[in-house]
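Everything on this sheet refers to the single structure shown next.
The values are calculated or read from the model by the stated rules, or taken from the named source; none is laboratory data. Everything numeric here is computed off the predicted structure, so don't read it as measured data. Note that each Cβ is placed from the backbone with ideal geometry, even for glycine, and that neighbours are counted across all protein chains shown. Accessible surface areas use protein heavy atoms only, side chains included; no ligands, DNA or RNA. Shrake-Rupley method; radii C 1.70, N 1.55, O 1.52, S 1.80 Å.
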Amino acid sequence: MGRTSRLVTACLLAASATAAPRGPIPIHRRQTAGTTHANLTRPSPDIDWQPCYENSSEGLECTWLTVPLDYENLDVGTTDIAFIRYLFSKDAEDLYYNPGGPGGSGIETVLNAGKKWGDQWGMNIVSFDPRSVGKSGPTISCDSPSSGNKTATLKRRQDSTIVGDLKGAWDSNLESNAKCNENNKNTEMKYVGTAAVVQDMMHFVEQTAASKGGDPASAHINYFGTSYGTGVGQTLVAMYPDRIRRALLDGNLYAVAHYQGWEPSGVDDFAHGIWLFSQLCFEAGPKWCPLAEGLKSIDEVHAAFDAVVLSLGVTPIDCGDGSAPYDQNSFLAEISQFMYSATSMGQISNKTTSYALSLADGDTTQVCASAAETRKIKKREDAPASGDDHVRIITAVDIAGRYPFRTYEEFKAAAERLEETAPYGAFQYATGNGLIGLGFDGIIPPPSQYFTGFENGTTYETPFPVLFVNTPGDPVTPMSSAYQMSKLFIGSSVFILNIPGHGYQGARSKCAEDIIATYFADGTVPESGTWCEADVATEFYFGAEDLGAPRTS
């Protein structure tokens, strides 16, 4: 019997069912030199592009635009939004990009990918740090102005270990969110919602049109959004349907539910993501995926993964270091982080194989060491200036008091219903994003920025169709979101790139790139439901270099 077969048998003997989780995407920052927003001329109500970052030969330009906090009530003041662009050509069209979050920096993304996209599509790539993010105002914080306390990150998943007991998570989030809510009542935080970000973009588009002698009121926008940026894009299309020239939305959230505060469909594809990993693992073989050693089918690889989940569900590991027991939810939370990247399948295999062997041998040293290292990394990421406040406050402004649960019993019942349909992910969603809106009822946007959130099922017709793209193994923005949102935008299309990960750019695909290039060129979309394959070998997903060889199975 192979070692993997041994561990499957050992773990299954100890187990009898359970489920769970998911999480956020890091922004990869690069070191920059030269002129930045910090040493440009002062913010101005007029667009004033200046060469910035590294050197002007890269085509990077920056401007800092002063905008009204409320476009319909100028008396409440202004804030400054930092914009950047990769200038492909002064005659090229602009493509506006939002990287997601909430809290993602458009400036950081353009520094990393602006030139690549601009040269690929023949467009100027324009992005910005949305309100409260990075170099843009107003400053966001859940702390009171005088507290000086910068450690108010949420105590998620610390007080409960299974979906059956969520009271600790409910109580700690209610306490933390209520403090954040109280500290930000009647402050500028009510002006940082998604609708305000959309208005800033259109204000910039109109300013640009006017500077070129065009009619601001009829200026059109080309937009590209990923992850939460698809929610920005969906909102943009709903608010300005007649102004949309192109809208490419990649890795789609279900904005209908986002504005209501409970979006459990986000875990719809977690289970398929694990199945897709199992398929790729079996195809790659034990050289690249140790979990496949001795196994004879995709189903056996899947069973090996599930054996670890089941064993940890039955017998959580007490590492004796004062931390919460390491259970199936802890394991799946780690796995969900790897699932964001198409090329992290090897990490899923290595962690699962290591844990499975440890559990089969009764030696939990490796599990506890890995869990301790994960906690250290999380502690560093949750240091002051963590994105947690951005996620909480921006989402709370979007929900605008519509969070659906008033009692713990209502919340728990909803979480239990989710567990019945989600083999993995219910616990992590319920104790994470599912509690963001709890306790926030005082940070309500002004009427001009209150978005109804597609409440009435209204459909929208645009001059050119919206193009949705998703992957089938996304742990947080599933295919179902793309298809559901597509129903609201007349003539729109959904295509799927059959790879793991969060976003279509995880693996090279001529099929996908041709669809997108055609869309940007003439507005043509494929038949909705089209699937594309990647042009990489299976081993690519496990860390092998992309040598241009496609999968053979």
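Tabulated data
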| item | result |
| --- | --- |
| Conditions (1) over 23 Å from TYR340 (Cβ atoms); (2) modelled with pLDDT under 95; (3) buried (at least 24 other Cβ atoms within 10 Å of the Cβ); (4) not acidic (Asp, Glu); number of the one not met by LYS150 | (3) |
| Every residue from region 169-215 that is open to solvent by 20 Å² or more (accessible area, probe 1.4 Å), of a type in the set (A, V, I, L, M) and more than 17 Å from ASP94 (Cα to Cα) | LEU174, ALA178 |
| All positions within region 112-124 that are open to solvent by 10 Å² or more (accessible area, probe 1.4 Å) and either within 18 Å of the chain's Cα centre (by Cα) or farther than 23 Å from GLY231 by Cβ (or both) | ASN112, ALA113, LYS115, LYS116, ASP119, GLN120, GLY122 |
| Residue count, region 88-113 (criterion: modelled with pLDDT of 95 or more and among the basic types (Lys, Arg)) | 0 |
| Residues of region 183-202 that turn out to be in a helix (DSSP H, G or I), within 15 Å of TYR71 (Cβ to Cβ) and of a type outside the set (Lys, Arg), as a count | 11 |
| Residue tally, condition out of contact with any helix residue (DSSP H, G or I) (no Cβ under 6 Å at 6 or more places or on another chain) and farther than 20 Å from PHE427 by Cβ, over region 286-317 | 5 |
| PRO445 under 30 Å from SER278 (Cα atoms) and in contact (Cβ under 8 Å) with a residue 60 or more places away in the chain | no |
| Residues that are open to solvent by 40 Å² or more (accessible area, probe 1.4 Å), modelled with pLDDT of 90 or more and in contact with a Pro (Cβ under 7 Å, 6 or more places away or on another chain), drawn from region 317-365 | ASN350 |
| Pair list, Cβ under 9 Å, 6 or more apart: region 510-535 residue in contact (Cβ under 8 Å) with a residue 24 or more places away in the chain and surrounded by fewer than 16 Cβ atoms within 10 Å (Cβ to Cβ), other residue in a helix (DSSP H, G or I) and not hydrophobic (A, V, I, L, M, F, W, C) | ALA517/GLN120; GLY529/TYR483 |
| Looking only at region 243-285, and only at residues there that are open to solvent by 20 Å² or more (accessible area, probe 1.4 Å) and free of Cβ contacts under 8 Å to residues at least 24 places away in the same chain, the one that is farthest from the chain's Cα centre (by Cα) | PHE282 |
| Check on THR471, touching a residue at least 12 places away in the same chain (Cβ under 8 Å), among the hydroxyl-bearing types (Ser, Thr, Tyr), open to solvent by 10 Å² or more (accessible area, probe 1.4 Å) and over 20 Å from TYR403 (Cα atoms) | no |
| Test: THR462 is hydroxyl-bearing (Ser, Thr, Tyr), under 20 Å from the mean Cα position of the chain (by Cα), open to solvent by less than 70 Å² (accessible area, probe 1.4 Å) and within 27 Å of HIS258 (Cβ to Cβ) | no |
| Qualifying residue in region 221-232 (condition: touching a Lys or Arg at 6+ places or on another chain (Cβ under 8 Å) and not aromatic (Phe, Trp, Tyr)) | yes |
| Residues of region 422-473 satisfying the condition of being part of a loop (DSSP other than H, G, I, E, B), at negative phi, in contact with a Leu (Cβ under 7 Å, 6 or more places away or on another chain) and of a type in the set (Phe, Trp, Tyr) | TYR424 |
| Output for region 216-235, where each listed residue is open to solvent by 10 Å² or more (accessible area, probe 1.4 Å) and part of a helix (DSSP H, G or I) | PRO216, ALA217, SER218, TYR228 |
| Verdict on LEU87 being surrounded by 24 or more Cβ atoms within 10 Å (Cβ to Cβ) and over 16 Å from the mean Cα position of the chain (by Cα) | no |
